[in-house]
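Structure first, then comments.
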Amino acid sequence: MQTIRYQLRPLLLLSLFTLLLLHSMTAQGAPAEQTPVAHGVTDRLIVQWHEDAGGGAQLAGALAAVAGVDLSYIRAFSEDTHIFGLHELRPHDEVELLAQRLREIPEVLLAEPDTLLFPAFEPNDPLYASAGWPLWAVEAESYGIELAGAWEVTKGDPSIVIAIVDTGALLTHEDLVGRHLASNPGYDLISDPARSGDGSGRDPDPSDLGDFVTSEETQSGQPLAGCAVSNSSWHGAHVAGIIGATANNGIGIAGINQRSPLLHVRVLGKCGGYISDIADGVRWAVGVNVHGLPLNPNPARVINMSLGGGGRCNRFLQEAIHEANRRGAVVVAAAGNENTSANNFQPANCAGTITVAAVARTGWRARYSNYGNFVALAAPGGDRSVDTLIASTINSGRTVPTSDSYGAYQGTSMAAPHVAGVVSLMLSVNPNLRTAEIMEILQQTATPFPLGSSCLDICGAGIVNARAAVREAEWRRYGTIALANLEPSSLDFGGQAVGSRSAAQLVTLRNDGWMPLIVSDLSFPATFSRHGGSCPSQLPFSLERDAQCSLGIVFSPTREGRHQGELLLTSNSVDNPVTVALRGTGQIAAASFSPDILSFGLQQVGTQSQPQQLMLTSSGTAPLELTEIVIEGDFVRTGGTCPTSFPANLAAGQQCSLELRFAPSTATRTRGLLSLNSNALLPPDAVMLFGGGSAPALGFAPLRLAFGSQRVGTSSPAQVLMLRNPGSAPLTIEELQLDGDFERVGGSCPDFLPAQLEPLARCDLWLRFRPRSGGAHEGSLRVMSDIPDGPYRVPLSGLGLASALTLAPSAIHFGGQELDQQSLTQTLRLSSSGELPLRIDALRLDHTAFERTGGSCPAEAALPATLEVGSDCTLDLRFSPTMTGSQRALLQISTNAPDSPSLVELSGVGTTTPTMSLQVEPHVLDFVARSDQTADLSQTLVISNVGLVPILLTDIELEGAAFELDTGACGPLPAQLDVAATCTITVSLSSNQPGNYQGLITIMSDEPEGPRNVVLSSTLRALQPGVLNLGNASISSDPRWITLNFDVVRSGGSEGHLMAYYSITGERQPDEGDLIVTMAPINLAAGETQQRIEVRLNQLSLIAVRDLVITLEGAQGIVAAQHRPLRIAMPRQGYEIFVPLIIR
């Protein structure tokens, strides 16, 4: 490139506004706000001559001489216009000064700085993957462009070409592929190979190769010196996606125009683009012949320019825009992102453009957006400070393209394509519109800014409204006609059962014209009819502009097979008549079951059988509508694929399964049915279900075991208890529990439980009695099984035999006694109170002050000696102290009783003078009885003066509300008790309520040792009369009599008398009524646990009776809560049979 220096004379300095480029943060994370070059700089000039001035080099030299700077020739802009380069980037005002100097040259027609312009968008962080609000309808705090309403009119027209003058295209992006003309995707007009990045300058491939700038490029000198290092923005692809990304493809986003082709004009590259290239791009896009380029065969009707820079509108760019307008193209420009007046930014301030500001979702001005009187209206541009950004198509590569992606940007670059897309839809419905009229419609139909918006009065007429703008454009073309629109254009009712009516389907009638639509007639084929809908039922009726109503249509086939026809709507529509194709198929519903019989065999009552499967087939041509599946008898559905909730449908030919189980409730043969309620013309035959119920039973023999008497510590002979299962199903014995002094020692019943006893089988248990103490013993064998109302109990009893010694009193106090003097004799009674004779082996005293002086018991020398059961003997004892003070001794009595030896405490006090000594026997009174026995329950206290002087009894006090005191011979008090004298008092238990009671008797006297206390205690237990149940029933017959035997069994206690009633009812057929056969009382004496009842009934009184039912009745608590009546089937004549008990 040749460079010549000339001296230039000074020119007037013109002030230009600075230029700002803001990169967007894409999905790969580009840097935030950066300035690629200093504000308002360029290194080029555009110079137009009055006529051809010759070669470029010579022109460069001539101009350099005037301008006073080095100039180099770059290229021809047109035949009379050329572009010249400076040696370095200079501030815009300096270049404008140079241009003014050149304009003073007489041969120069026009000289302008070749300004660098840049994409008008802002960065974001982070990327929001979902932000479709710009296209939505207007709602509170959400100002979209109402695109859905515009799409109801048009989605674009293939004849309207949309040019995107930007960074180029991603032609193979998944959401943009196919959206350009296959033969003409656009053109690359970047003349500088360094900025283009493809090394070839201008070429017919508009692909965006990336506008990234590396640090090496910024240091390599012109043309990228001073540019900021940055990643690729994919700005042109982002703009293209907003305008025309493919919709309804299941991926990415939806563009505004779906049918008009996109024409990509690449003018911006690394570090922006020159106005000369941009002006050429505008001219080429609308079909103007550009120097050195082929003619564009597909001129654009809409041009989007999401780019800009500072300064007044460059006259070369202005002329290009005017030419576009003259050729019918509408130019949409971004207002810029400098948060200042758009009047100072181009091309926003160029005449013939529709300049667009950016608003946030809230309808307020985006914080970055330019504004002013050059702005025509606003559109969504996103504002990361208040809402989500604008999502569109980009590439994931940081430098060169790698893979398809999506990114969310903000900027007036994003606002402008929203308007450009809407303009393309307006031209699709009315291609005759020109820029001025389109401007008028856009401003007239714009959505007003919200109250208080920062956009009021500075962002144009409002926010673009696609629906209103497109409809207004359409009206200006079709404003004098009515236009009927029926949607959908066809209805297919599918299959419908003959004789039934389908659900209504709706057809929407809309007046897409501008004059009232008058509907005069509606006609239908024979099997189709109108049913419902919002359209008036009376004809004729009218619809105003944009009004709509619905027609409900139903299909009612009268035969099997195909039905078709047309709904014919007659009106004053420009398209008249309007039709909707109607189709449907008449079908017949039918059903069948397979198999038609299910037999489950025997199954135990209370359990479920293994499942069996039944298939239901919809065997007709119409769907089978199921309203109910009915199962009768002891059969249950437990699975399968057939519906469980109704109504439900089976398609023609479809099958489903039913899984059934048998769950018998009685031990009888059972029959059931499975049937279907549906829309089948001929209902299928019901499925027969069969099964037999079986039940186990539990029998004992005998009903109780009494082991008699057995010496304590030894084992009785074993007795046998038989368990049997008289039922028809296996009996599960889960556990056997023995309580009391009884044990199992063998038998054929299983040792390891649970175990089963098959029907009619039996096993034996060998039990024995091993008492651990004397007296009566009660126990039981409890059988836990799967029989209801268990466990069942077999009472066990036995008598433990042992010797026992009872001593009275249990301790002897001799009181005070003078030294070397003998006390009065006190007597100790030994009683043989056990079940065996008592053998007395030895008597031992461990203190010499106490001695035996006589009594009926054998002398020590005669021991051992025997006391027979119930007999007693006495020991006479005296106290002869040889020293003063309290003295104690133990009398040890060794016997053959299990608790031997028995001990008796002897005590006394040695004194030197006669003393008082009061003795009270016994020291403890213990009352143990049933609550019904307290009336005769009393005990006696003996008070004795065993001292040497009389004693004055002053008072006897009683504590304990459950006791009563009678002072008897000891009263009235005070009273004197002489030496060796005794008196008695009687203590009675006054309460008859079960429970434990305590009390205390205090005997006060003038004895120095103070009051004597006797402890009172009582345990009253409740009467345990038990409860009654029925069992072990049998029946027999002869020609005249029916003999019925059954047991009334008392369990849970046998105390007291129990009385109840039994009744026998004969059950007959329901229409004959039941028969009360007999009723009689039952009396069980105290201790009686069972009665065998026999009832003889005359055969003639039982005519038509099928079963006899025995019921117990009695006062509450007498009959067991779990008691159930016994049902016994009447026997056949001449046979005696056993019938298992069945709980009713």
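Taking segment 1059-1090 as the range and being of a type in the set (G, A, S), surrounded by fewer than 11 Cβ atoms within 10 Å (Cβ to Cβ) and at pLDDT 75 or above as the test, the residues that pass are A1080, A1085, G1087. Filtering segment 549-561 for residues that are over 21 Å from S490 (Cα atoms) and touching a Pro at 6+ places or on another chain (Cβ under 7 Å) leaves an empty set.
Please find, within segment 272-291, the residue that is farthest from the chain's Cα centre (by Cα) out of those that are of a type in the set (A, V, I, L, M) and surrounded by fewer than 23 Cβ atoms within 10 Å (Cβ to Cβ). The residue in question is V290. Tallying residues that are in a loop (DSSP other than H, G, I, E, B) and closer than 15 Å to G584 by Cα within segment 524-565 yields 9. Looking only at residues in segment 365-391 that are farther than 11 Å from M414 by Cβ and without any contact (Cβ under 8 Å) to a residue 60 or more places away in the chain, which one is surrounded by the most Cβ atoms within 10 Å (Cβ to Cβ)? Of everything passing the filter in segment 365-391, N370 is surrounded by the most Cβ atoms within 10 Å (Cβ to Cβ).
So that you can scan it fast, the table gives a plain yes or no per residue for (1) within 25 Å of G774 (Cβ to Cβ); (2) surrounded by fewer than 17 Cβ atoms within 10 Å (Cβ to Cβ); (3) in contact (Cβ under 8 Å) with a residue 12 or more places away in the chain; (4) in contact with a His (Cβ under 7 Å, 6 or more places away or on another chain):
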| site | (1), (2), (3), (4) |
| --- | --- |
| P717 | yes, yes, yes, no |
| L723 | no, no, yes, no |
| A729 | no, no, yes, no |
| L738 | yes, yes, yes, no |
| D741 | yes, no, yes, yes |
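Of the residues A581, A622, A680, A589, the single one that is closer than 30 Å to F524 by Cα and in a strand (DSSP E or B) is A581.
Before we move on, is T447 in contact with a Phe, Trp or Tyr (Cβ under 8 Å, 6 or more places away or on another chain) and crowded, with 19+ Cβ neighbours inside 10 Å? The answer is yes for T447.
Among residues of segment 220-243 that are assigned to a loop (DSSP other than H, G, I, E, B) and surrounded by fewer than 24 Cβ atoms within 10 Å (Cβ to Cβ), those with a Cβ under 6 angstrom from a residue that is of a type in the set (D, E) and at pLDDT below 95, sequence gap 6+ or separate chain, pair up as P223/D192; L224/E217. Only one of the numbered conditions (1) farther than 27 Å from V41 by Cα; (2) not hydroxyl-bearing (S, T, Y); (3) not assigned by TED's automatic domain parsing to the domain that holds G281 is not met by G210, and that is (1).
Here the strands (runs of 3 or more DSSP E) wholly within segment 950-996 that include at least 3 residues being among the hydroxyl-bearing types (S, T, Y) are 982-989. Here T570, T508 are screened, and the one residue that is in contact with an Asp or Glu (Cβ under 6 Å, 6 or more places away or on another chain) and either of a type in the set (D, E, K, R) or closer than 23 Å to T154 by Cα (or both) is T508. For segment 835-845, the criterion of a residue being of a type in the set (V, I, T) and either in contact with a helix residue (DSSP H, G or I) (Cβ under 9 Å, 6 or more places away or on another chain) or at pLDDT below 85 (or both) is satisfied by no position.
Looking across segment 258-271, the residues that are in contact with an Asp or Glu (Cβ under 9 Å, 6 or more places away or on another chain) and crowded, with 24+ Cβ neighbours inside 10 Å come down to S260, H264, V265, R266, V267, L268, G269, K270, C271. Would you confirm whether any residue within segment 1128-1136 is modelled with pLDDT of 75 or more, on the phi > 0 side of the Ramachandran plot, exposed (fewer than 12 other Cβ atoms within 10 Å of the Cβ) and part of a loop (DSSP other than H, G, I, E, B)? No - not one qualifying residue is present in segment 1128-1136. Of the set (1) out of contact with any strand residue (DSSP E or B) (no Cβ under 6 Å at 6 or more places or on another chain); (2) part of a strand (DSSP E or B), all apply to I893 but (1).
Before we move on, is V928 within 30 Å of G1053 (Cβ to Cβ), among the hydrophobic types (A, V, I, L, M, F, W, C), touching a Ser or Thr at 6+ places or on another chain (Cβ under 9 Å) and exposed (fewer than 15 other Cβ atoms within 10 Å of the Cβ)? Reasoning before the result, please.
Values: within 30 Å of G1053 (Cβ to Cβ): yes; among the hydrophobic types (A, V, I, L, M, F, W, C): yes; touching a Ser or Thr at 6+ places or on another chain (Cβ under 9 Å): yes; exposed (fewer than 15 other Cβ atoms within 10 Å of the Cβ): yes.
So V928 passes the test.
A search for C-beta distances below 7 Å between a residue of segment 482-501 that is within 30 Å of L682 (Cα to Cα) and any residue that is surrounded by fewer than 14 Cβ atoms within 10 Å (Cβ to Cβ), counting only pairs 6+ apart in sequence or on different chains, returns V498/T558; V498/R559. Residue by residue through segment 294-308, note down the ones that are in contact with a Pro (Cβ under 9 Å, 6 or more places away or on another chain) and not polar (S, T, N, Q). The answer is P294, R301, M305, L307, G308.
Being in a strand (DSSP E or B) and in contact (Cβ under 8 Å) with a residue 24 or more places away in the chain is a property that G947 lacks. The number of residues in segment 813-852 being small (G, A, S) and either within 60 Å of the chain's Cα centre (by Cα) or closer than 29 Å to N1013 by Cβ (or both) comes to 6. In segment 106-126, is there at least one residue being of a type in the set (D, E, K, R), more than 60 Å from the chain's Cα centre (by Cα) and modelled with pLDDT of 85 or more? Yes: segment 106-126 contains one or more residues that are of a type in the set (D, E, K, R), more than 60 Å from the chain's Cα centre (by Cα) and modelled with pLDDT of 85 or more.
Please determine, by comparing only the residues of segment 202-219 that are closer than 18 Å to A285 by Cα and over 58 Å from the mean Cα position of the chain (by Cα), which one is surrounded by the fewest Cβ atoms within 10 Å (Cβ to Cβ). Looking at the filtered set, the residue picked out is P204. Considering the conditions (1) in the same structural domain as V605 (by TED's automatic domain parsing); (2) among the charged types (D, E, K, R); (3) surrounded by fewer than 17 Cβ atoms within 10 Å (Cβ to Cβ), D634 is excluded by exactly one of them, (3). Selection over segment 625-668 of residues that are more than 20 Å from G586 (Cα to Cα), outside any strand (DSSP E or B) and modelled with pLDDT of 90 or more gives a count of 12. Taking G452 as the residue in question, decide whether it is assigned by TED's automatic domain parsing to the domain that holds V302, in a loop (DSSP other than H, G, I, E, B), at pLDDT below 95 and under 20 Å from S142 (Cα atoms). So G452 passes the test.
Take G494 and decide whether it is more than 30 Å from Y368 (Cα to Cα), surrounded by fewer than 17 Cβ atoms within 10 Å (Cβ to Cβ) and either modelled with pLDDT under 95 or charged (D, E, K, R) (or both). Quick ask: steps written out before the conclusion?
Values: more than 30 Å from Y368 (Cα to Cα): yes; surrounded by fewer than 17 Cβ atoms within 10 Å (Cβ to Cβ): yes; either modelled with pLDDT under 95 or charged (D, E, K, R) (or both): yes.
Answer is yes for this residue.
Applying the condition of being surrounded by fewer than 15 Cβ atoms within 10 Å (Cβ to Cβ) and of a type in the set (K, R) to segment 661-678 and asking which residue is farthest from E628 (Cα to Cα) yields R669. Selection of first residues in segment 871-896 that are loosely packed, with under 14 Cβ neighbours inside 10 Å and of second residues that are among the hydroxyl-bearing types (S, T, Y) and not in a strand (DSSP E or B), restricted to Cβ pairs under 7 Å at least 6 apart or on distinct chains, gives the following pairs, ordered by first then second residue: T884/T912.
The values are calculated or read from the model by the stated rules, or taken from the named source; none is laboratory data. Fair warning: this is a prediction, and the values are worked out from it, not measured in the lab. Neighbour counts are summed over all protein chains in view; Cβ atoms, including those assigned to glycine, are modelled from backbone coordinates with ideal geometry.
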